[in-house]
Amino acid sequence: MKETWRWYGEPDPITLEHVRQTGATGVVTALHEVPDGTSWTAEDIATRKGLIEKAGLEWTVCESIPMEQCVKRGDSDAPSAIGRWKDTLANLGRAGIPVVCYNFMPVVDWTRTDLRWRTARGTGLALRFEMVDFIAYDVFILGRANAADNYDAGLVAKAEIAFKAMTEAEKLALETNIIAGLPGGALVQSRASIAALIASYQGIGHAEMQANLLTFLKEVIPVAEDFGIRLGIHPDDPPFSLFGLPRVVSTPQDVRNILAVSDSPMHGITLCTGSYGSRADNDLTAMAQEFAHRVNFAHLRNVTVEDDGSFFEDDHLDGGTDMVAVIEALLRAERAAQAKGSTFAVPLRSDHGHLLGEDIGRKTNPGYSYIGRLKGLAELRGAIRALTRQLDKEEATA
Ligand code: DNO
């Protein structure tokens, strides 16, 4: 496996020099400044790559090439948007970027309700998705038509109580957390624009979204093969419906459907343990064992899910996912592939991290502070080292 670190480009308060100090050798980035709907030029890609290489690092993963909403809706202008996506992919391929991550979430990308939640164990400030608050937003603040029908009646009642107790400032803060776009996620929305975007998906259910994804995949996989780029589709975060909209990359069955499109090693998944793990019925050890040979990128983080479906980001080795078992499955699959001649080292990054120490008072991207991620990386690195030793011994005595 290859250690990588997400970097948001030059505006990122965590510099490439900081990245270098972590010991990670690969960088995960995207041309975040290019507006959606424009393909990335070879020149802009070369400039970004040059910056990374000048710092002694490698651009290992592009996360993400943005996906225009029309592709997810399967509109009549979807083919031209897919064409732009393919142009960007080809330009990344010409530049030798080995892995590309993307997602297929409708309207919003990754979503949380609280970005500074104090953990019960006192391990800093974590990102949290509070189910009752999300429902309060959808049903009572946004006021989406029939939204209450999408939730358990008991939770809607709790959400109403929570909503009535919120100050205007609290309502606004909740709204900002949900729709103002987390870094690397969807664009900033206003209350009116998000309502319009949600409405634009009317009539698109799970089957339609899935068909639109398969259409997209059939178009892009051949381009990935031409350039030897490994694609890794990122799961829905969280892996359940938001705003009554379908999400089609949430469960093991979704992954099976996606992978069935092509056996090409260029068509794989991003195993984001935190995203898949935010759903109590996803067994991450079983998923890692089943899909390890198709994992082209690993996001390693842990979450603790609560009874009502709320969850918070826990420490990297603690929470609902047995992280050591997941890493073991990935290492075993990587070895098996290497025994057959593959030279691919699966890139991993310690995903997110708590706000700790001096980072608490500092401006950083939510989830992407320095110390918390570094702590996560150090823990994961230790687990990888120990497991590697164990697998080496196993191989020596086999
Ligand atoms: C959150 C990230 C997401 C992810 C995209 C992948 O921290 O994992 O922003 O980059 O959804 O396309």
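Only residues that are aliphatic (A, V, I, L, M), in a strand (DSSP E or B) and more than 15 Å from the ligand (Cβ to nearest atom) were counted across the stretch 112-125, and they come to 1.
Every listed requirement among (1) within 30 Å of VAL223 (Cα to Cα); (2) touching an Asp or Glu at 6+ places or on another chain (Cβ under 8 Å); (3) not basic (Lys, Arg) is met by LEU271 save one, (2). Assessment of the stretch 62-71 against the conditions (within 13 Å of the ligand (Cβ to nearest atom), buried (at least 21 other Cβ atoms within 10 Å of the Cβ) and more than 30 Å from SER200 (Cβ to Cβ)) yields no matching residue. Of all residues in the stretch 140-191, those that are within 16 Å of the ligand (Cβ to nearest atom), surrounded by 12 or more Cβ atoms within 10 Å (Cβ to Cβ) and not in a helix (DSSP H, G or I) total 9. One residue is enough: does the stretch 84-95 have a residue meeting the conditions away from the ligand (no atom under 13 Å from the Cβ), under 29 Å from ARG20 (Cα atoms), part of a loop (DSSP other than H, G, I, E, B) and at pLDDT 95 or above? So far as the stretch 84-95 goes, yes, one or more of its residues are away from the ligand (no atom under 13 Å from the Cβ), under 29 Å from ARG20 (Cα atoms), part of a loop (DSSP other than H, G, I, E, B) and at pLDDT 95 or above.
When ASP109, ASP133 are checked against the criterion of being acidic (Asp, Glu) and either without any contact (Cβ under 8 Å) to a residue 24 or more places away in the chain or not in a loop (DSSP other than H, G, I, E, B) (or both), ASP133 stands alone in meeting it.
Scanning the stretch 153-193 for residues that are free of Cβ contacts under 8 Å to residues at least 24 places away in the same chain and of a type in the set (D, E, K, R), we see that the one that is nearest to PRO106 (Cα to Cα) is GLU170. Looking for something away from the ligand (no atom under 15 Å from the Cβ), touching a Gly at 6+ places or on another chain (Cβ under 7 Å) and at pLDDT 95 or above - is there at least one such residue anywhere in the stretch 270-283? No, because not a single residue in the stretch 270-283 is away from the ligand (no atom under 15 Å from the Cβ), touching a Gly at 6+ places or on another chain (Cβ under 7 Å) and at pLDDT 95 or above. Evaluate the stretch 196-208: report whether one residue or more is touching a helix residue (DSSP H, G or I) at 6+ places or on another chain (Cβ under 8 Å), of a type outside the set (Ser, Thr, Tyr) and surrounded by fewer than 22 Cβ atoms within 10 Å (Cβ to Cβ). Yes: the stretch 196-208 contains one or more residues that are touching a helix residue (DSSP H, G or I) at 6+ places or on another chain (Cβ under 8 Å), of a type outside the set (Ser, Thr, Tyr) and surrounded by fewer than 22 Cβ atoms within 10 Å (Cβ to Cβ).
Conditions (1) touching a residue at least 60 places away in the same chain (Cβ under 8 Å); (2) touching a helix residue (DSSP H, G or I) at 6+ places or on another chain (Cβ under 6 Å), marked per residue:
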residue: ALA260; (1), (2): no, no
residue: GLY319; (1), (2): no, no
residue: ILE327; (1), (2): yes, yes
residue: GLN338; (1), (2): no, no
residue: ASP351; (1), (2): yes, yes
residue: GLY361; (1), (2): no, no
residue: ASN365; (1), (2): yes, no
residue: TYR368; (1), (2): yes, no
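The values are calculated or read from the model by the stated rules, or taken from the named source; none is laboratory data. Worth saying up front: this structure is predicted, and the values here are computed from it rather than measured. Positions of Cβ are generated from backbone atoms using ideal geometry, with glycine treated the same way; all protein chains shown enter the neighbour counts.
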